[in-house]
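What follows is a short report on a single structure.
The values are calculated or read from the model by the stated rules, or taken from the named source; none is laboratory data. It should be emphasised that the depicted structure is a prediction, and the values quoted were computed from it without experimental measurement. Using ideal geometry, Cβ is built from the backbone for each residue, glycine included, and neighbour counts are taken over all protein chains shown.
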Amino acid sequence: MRFDGRKEDEGRKISILPGFVSTAAGSCLIATGGTRVICTASVEESVPAFRRESGLGWVTAEYAMLPASTGSRKKRDGAQKDGRSVEIQRLIGRSLRQAVDMKALGQRTITLDCDVLEADGGTRTASITGAMVALTLAVDKLIREGKLPASPIRHQVAAISCGIVGDAPCLDLCYQEDSKAKVDMNVVMNEKGEFIELQGTGEGRAFTPDELQTLIAYAKKGIQELMEAQRNALGDAAKWLCAKPWLIAASANQHKIQELQKMFSDYYTVLGMDQVGYTEDIDENADTFVGNAKIKAEAVSRATGFPTIADDSGLCVHALHEAPGVHSARYCGHHGNDEANNDLLLKNLEHETDRSAAFHCALVLETPGEEPKIAEGICPGVMLHARRGNGGFGYDPLFLYEPLGKTFAELTSEEKNEVSHRARACREMLKLLEGKHE
């Protein structure tokens, strides 16, 4: 048994009180054993000089121990911090920057302030764990205020200390253990069990590979418990942790965006181009679906810097020499007038007996610095003489999908997402992303 009665692989009791400082964008009071740290997050709508014009945000940290945090009074840091504080705040900043997609954060700075109320060992690791909570709460506030369309947090981060006391590897050292430990180690990890930082020092003696593996195993166990405490403290805001990468849909059509969101939700957070500030009109002047999709994907990706997926799709009716084709959305002469487009199509098919048709979809994924990925999907069907169904959009009420005996406007969203041209193109794109395309 250890000084405080714990087992060797047992962490100290932890509590995290979110919203501890009401004036901060995000905050918490974290306690691990006798160590207590106030962590706050402040947001500035600007970045340091070296980040300007980069399109990237910045996350940084400051660390301080309050005068009475160690029993005997510690002098306050003046204009120049002591070397220990500087080293620790750099560690906190490095660790939390690993959690954030700086492009998705945008041109803003989040500063994490960690102020130690009481020090009983592990103040730097408690600061990292608490700062992750404060950072997430600040992101939650930015999203609720409409300043961020989705979370830029890509990883959950936590940290814990461990060491060798006597000859026993131990987890989460309190001050009495830390002060006489022969080996001292701080471990920072993400939710995947990947290391962000390992700080291990044999102050009293060297340590063996087997002892190192034991310390790492203890740290992994302790960090998993800390991450659970973080999620419990965050409540509903925990949904912003480990967000999927952003994929911008080069479209203002909410129906298309919603379909793409459903198709790619396992891999990406799909956002409409207007959500990331792109509102320019794009001249779709190609004579193929692939050509138009390329134009849109390249324009939005170049302007935003994010991976962008563009869809160009339309209806090809065999009796009309594959019209309306790439002009499907503006068949009647006005873009997006579904009623007029359908009326004109019915009129042009009035005397035709061949009602066969197919929806075509071309998807282009443009990622900065990579070759574009192209996928296509075709769904055959028959054009009816009158509209059926109230769902969908475009030509869906006239397009009969014969295997199910329903028009696209009569299908549920789940049914349509299984058989539609866009669904087929999306499945092909997913194969490309997974490296399975032959």
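Residues in the stretch 361-396 that are crowded, with 22+ Cβ neighbours inside 10 Å and within 22 Å of LYS347 (Cα to Cα): GLY381, MET383, GLY394, TYR395, ASP396.
Residue pairs, Cβ under 6 Å, 6 or more apart or interchain, first in the stretch 307-330 and within 16 Å of LEU398 (Cα to Cα), second among the small types (Gly, Ala, Ser) and assigned to a helix (DSSP H, G or I). List them. Short answer, once both residue conditions are applied: GLY314/GLY325; GLY314/SER328; LEU315/SER328; CYS316/GLY325.
Among the residues making up the stretch 43-67, those that are farther than 17 Å from MET102 by Cβ and in contact (Cβ under 8 Å) with a residue 40 or more places away in the chain are GLU62, TYR63, ALA64, MET65, LEU66. Quick check: is even one residue across the stretch 404-413 of a type in the set (S, T, N, Q), over 38 Å from the mean Cα position of the chain (by Cα) and buried (at least 16 other Cβ atoms within 10 Å of the Cβ)? Scanning the stretch 404-413, I find no residue that is of a type in the set (S, T, N, Q), over 38 Å from the mean Cα position of the chain (by Cα) and buried (at least 16 other Cβ atoms within 10 Å of the Cβ), so the answer is no.
Just to verify a result, which residue in the stretch 148-184, among those that are in contact (Cβ under 8 Å) with a residue 40 or more places away in the chain and among the charged types (D, E, K, R), is farthest from PRO209 (Cα to Cα)? Going through the qualifying residues, I end up with ARG154.
Per-residue answers, yes or no, for (1) touching a residue at least 40 places away in the same chain (Cβ under 8 Å); (2) assigned by TED's automatic domain parsing to the domain that holds ALA138; (3) under 25 Å from the mean Cα position of the chain (by Cα); (4) under 30 Å from LEU17 (Cβ atoms):
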{"residue": "THR214", "(1), (2), (3), (4)": "yes, yes, no, no"}
{"residue": "GLN224", "(1), (2), (3), (4)": "no, yes, yes, yes"}
{"residue": "SER251", "(1), (2), (3), (4)": "yes, no, yes, no"}
{"residue": "VAL270", "(1), (2), (3), (4)": "no, no, yes, no"}
{"residue": "GLY291", "(1), (2), (3), (4)": "no, no, no, no"}
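Taking the conditions exactly as written (assigned by TED's automatic domain parsing to the domain that holds CYS426, touching a helix residue (DSSP H, G or I) at 6+ places or on another chain (Cβ under 8 Å) and farther than 30 Å from PRO245 by Cα), does HIS360 satisfy them or not? In short, no.
When ALA158, ALA79 are checked against the criterion of being modelled with pLDDT under 95 and either more than 33 Å from the chain's Cα centre (by Cα) or of a type in the set (A, V, I, L, M) (or both), ALA79 stands alone in meeting it. Remark: ARG422 matches the filter, which requires a residue to be under 17 Å from SER251 (Cβ atoms), touching a helix residue (DSSP H, G or I) at 6+ places or on another chain (Cβ under 9 Å) and charged (D, E, K, R). In the stretch 50-60, is there at least one residue being assigned by TED's automatic domain parsing to the domain that holds THR136 and either touching a His at 6+ places or on another chain (Cβ under 9 Å) or of a type in the set (Asp, Glu) (or both)? Yes: one or more hits.
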